[in-house]
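The values are calculated or read from the model by the stated rules, or taken from the named source; none is laboratory data. Predicted model, so just to flag it, every value in this text is computed and none were measured. When we count neighbours, we look across all protein chains shown, and the Cβ atoms used for this are built from the backbone with ideal geometry, even at glycine.
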Amino acid sequence: MVSHASPVQADPMDALLSAHGLRRTAAARLVLGWFLAHADTSYTHAQLLAALQGGEPGSGVTLDRVTLYRLIDRLTQVGLLLCRVDVNRVRRYQAMPESVKAMPHFECRTCHRDSPLVGTLQGNALDLEVAAQNALQALKLLGYQGVSLDLAVRGVCADCASAAAGQTDAAYSDSQ
């Protein structure tokens, strides 16, 4: 009798880590998995450490702050994470969005969501993308390597602004 065992499917997280030359450790899977599950939000090291404290239930993974620093540094170096310095000079990390290389994005100072501005800018978005690609190509021709472009617009998103306005209105009506 011939056994027809189904081929073992590779874990997508392991495949992603391997493709970028990283070890497939439980800690790497935990951290990258967190970022991919929360791709539209950026985190400081401290916020990420607090979120991952105790590891994933049942995984047996615990991270100390030094291990986490080293891991997010490696994930950033290979292009799986994006590191930005916000207006307060604090490093924030998030999963690398496809649009970052050439498209502008909006970073909310309150909730730290990162949103592409492609649909918002419509006609101007193509001009910005072409300008970004031209700048990257010019730098490469000058001998620069590993270049990327980050066009960030920072402020308070509409959701956070309306929530803050609602709180202000409620505080005002309570004082009357």
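Listed values, structure above:
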| item | result |
| --- | --- |
| Residue within the range 15-32 that is at pLDDT 80 or above, closer than 30 Å to SER162 by Cα and among the polar types (S, T, N, Q) present | no |
| Wholly within the range 68-176, strands (runs of 3 or more DSSP E) carrying at least 2 residues that are surrounded by 11 or more Cβ atoms within 10 Å (Cβ to Cβ) and at pLDDT below 75 | 114-116 |
| Restricting the range 25-34 to residues that are surrounded by fewer than 18 Cβ atoms within 10 Å (Cβ to Cβ) and in contact (Cβ under 8 Å) with a residue 12 or more places away in the chain, the residue that is nearest to LEU48 (Cα to Cα) | TRP34 |
